[in-house]
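What follows is a single structure, written as structure tokens, with notes after it.
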Amino acid sequence: MNDTPILRTENLTYIYQKGTSSEVAALQDVSVEIRQGELVGVIGHTGSGKSTLIEHFNALKKGTAGRVLLDGNDIWADKSKIRAVRFRVGVCFQYPEYQLFEETVAKDIAFGPRNMGLPQDEIDRRVKEALTNVGLSEDYAEKSPFDLSGGEKRRVAIAGIMAMEPQVLVLDEPCAGLDPRGRATVLQMIADYRQKTGCTVLLVTHSMEEVAAIADRILVMNQSRVAFFDTVDNVFAHAEELQTMGLDIPQMTQLMLSLREKGYDVPVNLYTVQQVYDTIFARWKGGVHGAQ
Amino acid sequence: MSAFIELKDVSFAYELDETQRVPVLRHFNLSVEKGDFVAVLGHNGCGKSTVAKLCNAIEVPQSGTVLVNGMDTKEEENLLEIRRTVDMVFQNPDNQIVATIVEDDVAFGPENLGVEPQEIRRRVDQALKDVGMYDLRFSEPHKLSGGQKQRVAIAGIIAMQPACIVLDEPTAMLDPRGRKDVMKTVRMLNRDFGITVIYITHYMDEAAEANRVVVMHKGDILLDGTPRDVFQQDDVLKKAGLDVPQATELSLQLRRAGAPLSGKILTIDELSLQLEALLPRSAGRVES
Amino acid sequence: MLSDITIGQYYKAQSVVHRMDARMKLILTVLFIVIIFLCKNFFSLAVMFALTAVSILVSRVPFRMFFKSLKPIIPIILITAVLNIFYIDKGTVLFSWWKITVTTGGLSTAFFMAVRIICLIMVSSLLTYTTVPTLLTDAIERLLSPLKVFHISVHTLAMMMTLALRFIPTLIEEVDRITNAQKARGADFESGKFIDRVKAMVPVLIPLFVSAFRRAYELSFAMTCRCYHGGEGRTRMKQMKLSAVDFVALAIFLVALAGVIVLNYFFTALI
């Protein structure tokens, strides 16, 4: 059923230290629908509630009000099945390399599948596939995760979540702290994985550029509420509002905004150098021709 | 006049064990003038962090010499003076804060130097004001954001009144807001206090704010010059897997397509100004 | 949960107690512990209870803070009280059933012990609530500095204490983070036999140790960069100076000590 959203929240609210004088709302009345198979970028600055939201998706936190529905079912309906929810919504937290603990890469990736109680041959298959998904050769399987470089550790940790074959893969800042090449590799890897498996992916990030490059839709969180949830183009059309929320809009979008301030009628929902190049080139040629 | 920091024919390798060594730098040369703001750009593993550690004698080269204000880092008796001259800020803001209260942490360096108590008090207050953390001077470090912690770390360095500060990817673990705050503080250190800054990063936009950019690749210097000059070489940078600031990239592409853009464009504002001259005011009006 | 721990927590306020010299506070806390163990009857205990109450009031630290630090100790207090009630067979029998006998002696001892523990906890919390941890470790360092004669590096010990206090909250956060990450991979910390639960901790403990060592390594770099070279030639921003308040407080405690000794002498001992 493609029409039922895979993940849905209904008026989800979460309040820290409820009932005390230091009550802080981390989520207020959040109702979103994540469709089967889409790649959603989740954006917002620190404290906007985006991290709290994803902790609700796999039941690490329980809302003080509202519901989270996975495939139409309330995830808290049966408390004994909470672990099953975590296998279906796989969350990879920030700096996941710090969760590695096994002697070998293969064993570490197998931790999730083993907790699921899968048979050994299935676990082996998944470990192999997860390694391929993150672009690491089979030589890595028997290495110690602690001997790898930072970027490789990151990929092994992500593979550990992929090996659970979740229906929804949530990645919290998977590129944090990596260099440009590392960032590009991880983003490409996520895009490929989604292409190959058709899995629903949520990508939490600070970087608009990252999201613009691979997401179908963007969920913008601001002050514990949903500010926008729309296609990349439509969200970037609100570039000025995004800026007032303290978000870093892509440089190319900034350029378009500044041209618009100067009185040019240009679209502001452009974010790659190529897009802007095309637009400006056309305008410039058009102008040159017009003047001739 | 000799340079403030000089790496002369430096070779350095990390020793994994007795037989295995990983060479990082081979016959490497770099000199930094007093008061300069140098960004060192490159991928992880290109040797840029090693350069940082060589500058204040945390590591000493296996061959070649490193001179800090004329002092050889190999000489044991120079160590304290070198570390008083060149201080460092690291990537992980948590792992460089020593005390349980912000102001006590800022006092840590001057205390080690044996500065008089009243003078420490004065320096600590001033340093916290300089980085905009004075209001939070009684806070516990673990309750601060990453950007705030990093500014506390910088205050701790300012209070030692060094001539040079080396920052090793200080913004890599921060959110955009934290990055901006830290960058602003670093610029101020250089401009207002005349502190020599060596800023190691892999963010192009941060490097663009320096006076000089040194691009490292596989333990060598690939490019060295003003950000304007360096980022013009987009093909060299791309070959090394590095980006150029997008404003520069777009301006280069447009120029290659024949657009009459002048100068070496670095920022969005500069590009926007030039495009104003290039584009007709209203495309609609011209067409009609 | 874990982050509720209040070790070394400082409560900012303007009060006489906050202004007192950390060394004096430390000495008085130790003195208090000694005196309260000298108390033999309710009259002398009352003196110490009054002293605790007055100190708390003067400190301007809200009472709920003390309750917070008392909370984890309540089971211990209750267990001791129950044991005292059942095992002490002295005075009039109030109640007797099967092997259980409750006597007035038992009841009053239980009450006496409970008050004593509560006073102890309150006063030691008062010390941490009103003294910045760095000052506290400084005070320990200065008070113990005579130990240098025995070639014990008091400075190193004090530095280690400061660092421990600094990193406890950071490591607690880390435990939370790693636990969540492993839960997301289906780790089960809540069910199973004791041995299973211990095993379940391995995926948390190993990353925690790895991270703690990495932190220690980076921290040692950072400290070296900030010219740390042990206690030699080190100065302190915060000077310690005894003022009139400190001597007044000392006088009050000494009077309390004298009172306790006198009351012990004049009234019959309970224990």
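Remarks
- Considering A:V186, A:V201, the condition of being touching a Pro at 6+ places or on another chain (Cβ under 6 Å), hydrophobic (A, V, I, L, M, F, W, C) and closer than 20 Å to A:L171 by Cβ is satisfied by A:V186 alone.
- Any hit, segment A:230-252, residues being β-branched (V, I, T), in a strand (DSSP E or B) and within 15 Å of the chain's Cα centre (by Cα): yes
- Extreme residue, farthest from the other protein chains (Cβ to nearest Cβ), among residues of segment A:87-117 that are of a type in the set (A, V, I, L, M) and over 26 Å from C:L171 (Cα atoms): A:A106
- Taking (1) more than 15 Å from the chain's Cα centre (by Cα); (2) assigned to a helix (DSSP H, G or I) in turn, C:F66 satisfies each apart from (1).
- Residue within segment A:43-55 that is assigned by TED's automatic domain parsing to the domain that holds A:I218, at positive phi and out of contact with any helix residue (DSSP H, G or I) (no Cβ under 6 Å at 6 or more places or on another chain) present: yes
- Criterion (surrounded by fewer than 17 Cβ atoms within 10 Å (Cβ to Cβ), touching a His at 6+ places or on another chain (Cβ under 9 Å), of a type outside the set (G, A, S) and in the same structural domain as A:V40 (by TED's automatic domain parsing)) met by exactly one of A:D216, A:D230: A:D230
- Residues that are in contact (Cβ under 8 Å) with a residue 40 or more places away in the chain, in a loop (DSSP other than H, G, I, E, B) and charged (D, E, K, R), drawn from segment B:164-188: B:E169
- Filter pass, A:V134 being more than 12 Å from chain B (Cβ to nearest Cβ) and in contact with a Cys (Cβ under 9 Å, 6 or more places away or on another chain): no
- Candidate set: segment C:198-230, residues that are within 27 Å of B:A52 (Cα to Cα) and outside any helix (DSSP H, G or I); chosen: the one nearest to the chain's Cα centre (by Cα): C:G230
- Given (1) at pLDDT 90 or above; (2) within 14 Å of chain A (Cβ to nearest Cβ); (3) part of a helix (DSSP H, G or I), index of the condition B:D205 fails: (1)
A quick yes/no check of all residues on (1) modelled with pLDDT of 90 or more; (2) crowded, with 18+ Cβ neighbours inside 10 Å:
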site: A:G19; (1), (2): no, no
site: A:D29; (1), (2): yes, no
site: A:I34; (1), (2): yes, yes
site: A:V40; (1), (2): yes, yes
site: A:T52; (1), (2): yes, yes
site: A:H56; (1), (2): yes, yes
site: A:V68; (1), (2): yes, yes
site: A:I75; (1), (2): yes, yes
site: A:F87; (1), (2): yes, yes
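- Filtered residues of segment B:26-63 (kept if within 14 Å of another protein chain (Cβ to nearest Cβ), touching a Lys or Arg at 6+ places or on another chain (Cβ under 9 Å) and in contact (Cβ under 8 Å) with a residue 60 or more places away in the chain): B:V40, B:L41, B:G42, B:H43, B:N44, B:C46, B:G47, B:N56
- Taking the criterion of being in a loop (DSSP other than H, G, I, E, B), facing another protein chain (nearest Cβ under 10 Å) and not acidic (D, E), the residues of segment C:164-197 that qualify are C:R185, C:G186, C:A187, C:S191.
- Per the listing C:R166, C:R177, C:R215, C:R197, the residue uniquely among the basic types (K, R) and surrounded by fewer than 16 Cβ atoms within 10 Å (Cβ to Cβ) is C:R197.
- Across segment B:102-139, the number of residues qualifying as closer than 30 Å to C:I172 by Cα, at the interface with another protein chain (Cβ under 7 Å from one of its Cβ atoms) and surrounded by fewer than 21 Cβ atoms within 10 Å (Cβ to Cβ) comes to 1.
- Total residues in segment C:11-38, condition at pLDDT below 90, among the charged types (D, E, K, R) and not in a helix (DSSP H, G or I): 1
- Residue in segment B:189-196 that is surrounded by 19 or more Cβ atoms within 10 Å (Cβ to Cβ), among the hydroxyl-bearing types (S, T, Y) and not in a loop (DSSP other than H, G, I, E, B) present: yes
Conditions (1) surrounded by 20 or more Cβ atoms within 10 Å (Cβ to Cβ); (2) closer than 16 Å to A:T104 by Cα; (3) without any contact (Cβ under 8 Å) to a residue 24 or more places away in the chain, marked per residue:
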site	(1), (2), (3)
A:D121	no, no, yes
A:D124	no, yes, yes
A:A141	no, yes, no
A:S149	no, yes, yes
A:K153	yes, yes, no
A:M162	yes, no, no
A:V168	yes, no, no
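- The condition (being among the hydrophobic types (A, V, I, L, M, F, W, C) and either over 30 Å from A:M256 (Cα atoms) or assigned by TED's automatic domain parsing to the domain that holds B:A39 (or both)) is satisfied by just one residue among B:I200, B:I265: B:I200.
- Any pair with Cβ under 9 angstrom, 6 or more apart, that starts in segment A:272-287 at a residue that is touching a residue at least 40 places away in the same chain (Cβ under 8 Å) and closer than 14 Å to B:Q253 by Cβ and ends at one that is polar (S, T, N, Q) and assigned to a helix (DSSP H, G or I): A:T272/B:Q246
- Residue in segment A:257-269 that is more than 9 Å from chain B (Cβ to nearest Cβ), of a type in the set (K, R) and surrounded by 15 or more Cβ atoms within 10 Å (Cβ to Cβ) present: yes
- Here C:G233 fulfils each of the conditions (1) part of a loop (DSSP other than H, G, I, E, B); (2) touching a residue at least 60 places away in the same chain (Cβ under 8 Å) apart from (2).
- Screening B:G219 with (1) surrounded by fewer than 20 Cβ atoms within 10 Å (Cβ to Cβ); (2) more than 13 Å from chain A (Cβ to nearest Cβ); (3) at positive phi gives one miss only, at (1).
- Residue in segment C:143-151 that is free of Cβ contacts under 8 Å to residues at least 40 places away in the same chain, within 30 Å of A:A163 (Cβ to Cβ), part of a helix (DSSP H, G or I) and β-branched (V, I, T) present: no
The values are calculated or read from the model by the stated rules, or taken from the named source; none is laboratory data. Remember, predicted model here, so these are calculated numbers, not experimental data. Cβ: placed from backbone, ideal geometry, glycine included. Neighbour counts: every protein chain shown.
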